[in-house]
Amino acid sequence: MAAIAPYSPVADWRAVLQGDHFGNYFDPLSGGYATVTRATPKTVYDSITGRIHDVPAGYLAVRPWACDQAGATGYAAIIEEARTNYLLNSYGAAATNSLWDSWTVARTTVNAPTYSLVPGVYGQTALRIRYTSPAGESNKAITLRSPSSAAGTFAPNDSLSGSAYFINNSSGVTVDMNVVSSTSADALVGYAWQNVGAQASFARVSKVYVSAGATTDHGRIDIYCSGISEGDTLDITIDAAQLEKGAFATSYIPTTTAAATRNADVVTVPTTGWSAAAGTMVAVRSTVVMASTYAISLTGTAGNANRVLLGTASNGHQPAMLFYGADAAGATAVAGSGTIGTPAVHAGTWSTTKLYAYLNGAPGAGVDTDAADAVADAAYIGLTSTGANYTNAPIARLTVYASALTDAQIASSGLTSEMLAGPKSSMAAKLLAIGVL
């Protein structure tokens, strides 16, 4: 039951639970925990429980690694940038006649739909809407409209990201989620839509309205149910709705009577025993964002000098090892081409001459580089020291070596398949969860 990664690492950080879906990174070599800074609570979705769980301030969102890597043991933490949910009453904390307060329904149907509050992914107040089309009715529509965000919420050409969790048991009815942009005078700028397919259990549907227009001022979400004709049935349930600014959806931020902000996660670890001249970083992670993100970054001592970063290229799924030596001249090595949303082992090595990146043990082409002459006292997990390039995705484990491992070592099962699988036994998982391993 090998708890420590092979080849004598100097640090072996892995996500551990400290409570119900919250925790930290723990290093069994030093016996220490990472330093986590986030002043607000947040949430995390667990696909195994089918629920959104609350995470208190000052802790990381931690869920089973099996949510991402089927059959795996152990846990992963999700490190995210700051975001705001601009939709009010986004999980139905207040309702009148079983319709969420501040949300409205427009219809062209003969009769009104029926509303009920049912258990959802976040609490017991998900909104269920049902309608059966009577004889003679043809091509009608029902629209559930969220309250608009406050005036000035968005700037011209911002990207609006809308999301919600749905059950859709409708028959003969087309259900779409529209992300809508409006001017300061509440005139329509435009919208982007995503079809909500048939699904018997809750699943998140998201859509980004990219560069929403030069006159964009505020926005909303419309659930547009169309093509309702004789004999058709509408049966949808919605929960945990969100409208945020950005090019992708992040974890749900609960709101009631006002917009709510989730502060960014900031995670740092000490660099005791790390080497400036040579080293290896290994990250067990998933990627969900089409952008450059970092799993671990070693901050420079001055400007760009002496920085080492293991992350992804701008495509979001190709491992990238970045190195800035004593002269602050940058070098980047990449490897392979992974798949967004597919867990993988990303690794990188540096030395006085070469820089390499690895995807699941397979190396990319080496890049010439030079040595650094110092390392900082702290490294950052899931972001850079400037608070940029957030992973916004699960990271299960981060292992650091004070030497550049060989290709054969990085390709070994101990640093590839065994890393992805998590602890080797249920006992190991339990000991890992309480910080014994």
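Here are a few things to note about the model shown:
- In summary, THR84 fulfils each of the numbered conditions (1) closer than 26 Å to PRO423 by Cα; (2) in a strand (DSSP E or B); (3) out of contact with any Cys (no Cβ under 8 Å at 6 or more places or on another chain) with the single exception of condition (1).
- Subset of the stretch 147-167 [in contact (Cβ under 8 Å) with a residue 60 or more places away in the chain and assigned to a loop (DSSP other than H, G, I, E, B)]: PRO147, SER148, SER149, ALA150, ALA151, GLY152, THR153, PHE154, ALA155, PRO156, ASP158, SER159
- Which listed residue is touching a Pro at 6+ places or on another chain (Cβ under 8 Å) and either at pLDDT 95 or above or aliphatic (A, V, I, L, M) (or both), from LEU383, LEU359: LEU359
- Checking each residue in the stretch 415-437 for being surrounded by 16 or more Cβ atoms within 10 Å (Cβ to Cβ) and modelled with pLDDT of 70 or more picks out LEU415, THR416, GLU418, MET419, LEU420, ALA421, GLY422, PRO423.
- Contact map, the stretch 171-192: first residue over 28 Å from SER229 (Cβ atoms), second residue in a loop (DSSP other than H, G, I, E, B) and charged (D, E, K, R), Cβ cut-off under 9 Å, separation 6 or more or different chains; pairs are SER181/ASP158; SER181/ASP217; SER182/ASP217; THR183/ASP217; SER184/ASP217; ALA185/ASP217; ASP186/ASP217; VAL189/ASP217.
- Residues located in the stretch 149-174, provided they are over 25 Å from the mean Cα position of the chain (by Cα) and buried (at least 20 other Cβ atoms within 10 Å of the Cβ): SER170, VAL173
- The listed residues are SER314, SER286, SER251, and the only one of them that is buried (at least 21 other Cβ atoms within 10 Å of the Cβ), hydroxyl-bearing (Ser, Thr, Tyr) and closer than 17 Å to LEU383 by Cα turns out to be SER286.
- Residue that is farthest from VAL267 (Cα to Cα), among those in the stretch 30-61 that are touching a Pro at 6+ places or on another chain (Cβ under 7 Å) and among the aliphatic types (A, V, I, L, M): ILE48
- Counting only residues that are within 19 Å of LEU383 (Cα to Cα), surrounded by fewer than 21 Cβ atoms within 10 Å (Cβ to Cβ) and among the hydrophobic types (A, V, I, L, M, F, W, C), the stretch 1-44 holds 2 of them.
- Residue count for the stretch 118-146 satisfying the condition of being part of a strand (DSSP E or B), within 28 Å of the chain's Cα centre (by Cα) and surrounded by 17 or more Cβ atoms within 10 Å (Cβ to Cβ): 5.
- Here the strands (runs of 3 or more DSSP E) wholly within the stretch 283-394 that include at least 2 residues being touching a helix residue (DSSP H, G or I) at 6+ places or on another chain (Cβ under 6 Å) are 344-350.
- Evaluating ASP368 against the criteria (1) modelled with pLDDT under 90; (2) over 23 Å from SER8 (Cα atoms) leaves one unmet condition, (1).
- Residues located in the stretch 75-102, provided they are on the phi > 0 side of the Ramachandran plot and crowded, with 24+ Cβ neighbours inside 10 Å: GLY92
The values are calculated or read from the model by the stated rules, or taken from the named source; none is laboratory data. Since we're looking at a predicted model, the values are computed, not measured. Quick reminder, even Gly has a Cβ in these numbers, built from the backbone with ideal geometry, and neighbours come from all protein chains shown.
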